[in-house]
1. In the Gaussian network model of chain A, springs joining C-alpha atoms below 10 Å, which of A:ASP410, A:ASP191, A:ASP374 carries the largest mean-square fluctuation?
2. Longest exposed-loop-site-free stretch of chain B, with GluC sites (Glu not before Pro), DSSP loop and at most 11 other Cβ within 10 Å?
3. What are the semi-axes of the equivalent ellipsoid of region A:279-339, taken as the square roots of 5 times the eigenvalues of the Cα gyration tensor, listed largest first and rounded to whole Å?
4. Rolling a 1.4 angstrom probe over the protein chains, ignoring ligands and nucleic acids, what is the accessible area of A:LYS81 in square angstrom, nearest 10?
5. With the solvent-accessible surface defined on protein heavy atoms using a 1.4 Å probe, which residues belonging to region B:125-148 display a reduction of at least 30 Å² in accessible area in the multichain context relative to the isolated chain?
6. How many percent of Cα pairs in region A:96-164 exceed 20 Å?
7. Would you mind calculating the gained length between A:SER267 and A:GLN113 on full extension (0.36 nm times residue separation, minus the Cα-Cα distance), in nm to one decimal?
8. Across 5 Å bins from 0, what is the distribution of all Cα-Cα pair distances for region A:58-149, in whole percents?
Amino acid sequence: MDVDKHADELASALGVDKEEVKEDLENLLQYSVPIDEAKQSVRRKHGGGGGGGDATPESLDVADLTTEHDNVTVTVRVLTKGTRSIRYQGEDITIREGEFADETGTVSYTAWQEFGFEPGDSITVGNAGVREWEGHPELNLGDSTSVALESDEVEVPYGIGGERDLIDLEPGDRGRTVEVNVVEVEERTIDGRDGETEILSGVIGDETGRLPFTDWDPHPEIETGESVRLADVYVREYRGAPSVNVSEFSTVEALDAPVTVTDSAPSMSIGDAVTAGGLFDVALSGNVIEVRDGSGLIERCPECNRAIQNGECRSHGDVEGVDDLRTKAILDDGTGTCTVILGRELTESIYGGDLDDARDAAREAMDREVVAEDIAAELVGDAYRARGSLSVDEYGANLNADAFEPVDEDPETAARDLLAELGVGA
Amino acid sequence: MSADGGPGNREVARRLFAAEFDDASLSYSESDEERAPNYVVTPTGARVNRLFAVGVLTEVEQVNEDSLRGRVVDPTGAFVTYAGQYQPDEHAFLNRTEPPTFVALSGKARTFEPEDSDRVFTSVRPESINEVDADTRDRWVVSAAERTLYRIAIFAEALDSGLRGDDLRAAFETTSVDPSLAAGIPKAIEHYGTGTAYLEAVRELAVEAVEQVAGERDAVGALEAEPGEGGPSN
Ligand SMILES: [Zn+2]
């Protein structure tokens with residue numbers, strides 16, 4: 001601990017000799033008094049006026065908060081409040097997180113106990129700690145913090161409450177409320193921190209987008225096709241994309257009016273999508289420049305469903321393979337490249353036949369590769385648009401496609417558009 | 001890891017016109033390692049390991065017992081590709097395909113300098129060739145023009161900046177410029193001394209190719225400028 005820094009700060013605030021302050025602080029710290037307590041005690045001793053005087057924590061505008069401050073007092077409006085359980089030094093602790101604001105700016109907070117404020121309240125937070133979180137100051141409300149309700153409303157130029165559209169959610173968001181349709185949901189058993197737990201996972205959507213979600217405390221209202229209001233959810237990052245987390249603290253309410261789910265996915269260049277590090281639902285266009293090994297008529301392990309070669313599964317040894325159709329196509333637009341994975345149905349429509357047709361063709365040619373060759377002859381060179389979820393890891397980018405279709409934009413129109421953009425031609 | 005590292009090390013298939021690829025004479029490897037990727041750097045700074053071209057297969061020729069040579073022609077010139085015994089599928093394709101046919105070609109960029117020549121030739125070692133239609137060719141022309149115009153714009157800014165070599169590369173790293181261009185442009189300036197006259201000629205070539213797809217022109221003019229014309233003195 002940098003006692004010097006604290007002593008410096010105190011000495012200049014109190015207008016007394018630094019060495020004296022430092023001696024007092026060190027004396028208290030010897031007894032393992034927390035630094036915040038020690039500083040308050042020293043303040044009082046040096047004419048801090050028994051609290052409430054000049055030497056109480058600085059009262060600041062939110063915009064003036066920096067990570068250099070230790071303790072502050074702010075008068076703010078509560079914008080959002082989310083509840084979450086975390087495991088801290090082996091103990092489950094319920095914390096509240098969200099954002100405060102005054103007319104100068106916003107700041108996030110973490111409260112280690114329930115102070116009773118709610119979004120919309122105007123409050124004065126006394127003696128809040130300041131810590132750094134991702135380069136920004138964040139308020140820490142603990143044992144030594146006081147919260148007083150203000151009767152005068154703090155005017156703020158920000159929306160109050162956690163209501164958001166799905167497209168506006170970002171990893172790190174807390175205390176959000178969304179109205180969504182449950183696109184798909186399944187029950188899963190996971191090994192949680194307290195042993196086996198049932199959870200729900202799936203996809204939710206609204207007019208602005210679709211995102212994956214997890215419900216850690218299954219709510220019966222969450223059923224496929226139902227529209228629900230999810231209050232007090234938080235957002236984490238999953239494969240580079242936001243993922244919505246519903247917890248024991250969330251409120252789930254069925255909605256009478258159904259929520260419409262958007263049909264479209266954002267389009268971007270493959271280079272940008274790969275740089276983004278993963279996207280839950282994205283549309284990518286490019287040329288198929290190659291069909292990779294492991295395409296066409298393949299065999300899967302009956303135990304784990306993984307693709308196998310020569311009747312041998314990496315986990316299950318010699319197995320009786322189950323036939324399937326799959327395509328792994330390299331899609332490349334000149335800015336980036338990814339492997340598009342097409343399941344049986346999409347592969348069948350490209351191949352122009354089903355699994356039985358593929359087996360017949362393989363038998364006739366006495367070579368299973370003919371199926372992949374036919375698929376490559378159909379795809380390679382042409383421009384396609386693929387939609388699905390993109391994951392990126394050290395081995396490359398994979399798009400699990402829900403849809404895959406030829407680009408049908410007229411090239412003459414594309415050429416005219418480009419010329420217009422350049423300001424040349426008609 | 002290749003120099004542009006990042007997630008997924010598969011080389012992006014670059015789009016560029018045949019006339020510019022034909023002007024390329026520089027190739028290099030990032031390291032002496034056998035598996036290190038080899039790059040051809042073009043006069044406008046495209047750093048090409050893999051390329052993708054769509055054009056008309058105009059000729060297939062037997063060059064020796066094992067190898068076939070195909071010419072894939074775009075609106076500006078020809079890509080030459082050799083398929084030998086290590087490219088059995090591509091060899092078979094060239095063998096059975098009757099020119100003229102629209103084809104899509106992807107493969108590795110190569111340079112070679114015949115012993116009795118002081119000229120450097122470029123070629124493509126094919127990874128895939130397939131028959132496509134006229135629309136696919138026209139779409140490729142538009143995308144090759146887009147990538148080329150983007151490259152030229154970045155190149156022109158680099159010339160203006162006055163920075164060269166490692167300084168230029170370092171300056172690029174602070175921007176969102178494609179890492180492969182950030183590596184290719186400083187090398188192109190050093191090797192070709194590429195100047196504004198050449199940039200302007202390639203720009204004109206790209207625009208004319210797009211005009212042809214738009215139905216506004218019958219033919220694309222030849223690329224006659226030399227890379228070093230109007231270049232920075234060095
Ligand atoms: Zn298995």
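1. Maximum among the listed residues: A:ASP410.
2. On the way: sites that count: B:GLU33, B:GLU34, B:GLU65, B:GLU115, B:GLU224.
In chain B, the maximal stretch lacking such sites is B:116-223.
3. Details: eigenvalues 174, 30, 17 Å².
Listed largest to smallest, the semi-axes of region A:279-339 are 29, 12, 9 Å.
4. Counting only protein heavy atoms, A:LYS81 exposes about 30 Å² to solvent.
5. When all protein chains are present, B:SER128, B:ASN130, B:THR136, B:ARG139, B:VAL142, B:ARG147 each give up 30 Å² or more of accessible surface.
6. Cα-Cα pairs in region A:96-164 separated by more than 20 Å: 26 percent.
7. Working: separation 154, 0.36 × 154 = 55.44 nm, distance 4.38 nm.
The A:SER267-A:GLN113 span can extend by a further 51.1 nm.
8. 3, 14, 27, 28, 17, 8, 3, 0
The values are calculated or read from the model by the stated rules, or taken from the named source; none is laboratory data. Note that this is a predicted model, so its numbers are computed, not measured. Backbone-built Cβ (ideal geometry, glycine too); neighbour counts: all protein chains shown. To get the accessible areas, we keep the full protein, side chains included, count just its heavy atoms, and leave off ligands, DNA and RNA. Shrake-Rupley method; radii C 1.70, N 1.55, O 1.52, S 1.80 Å.
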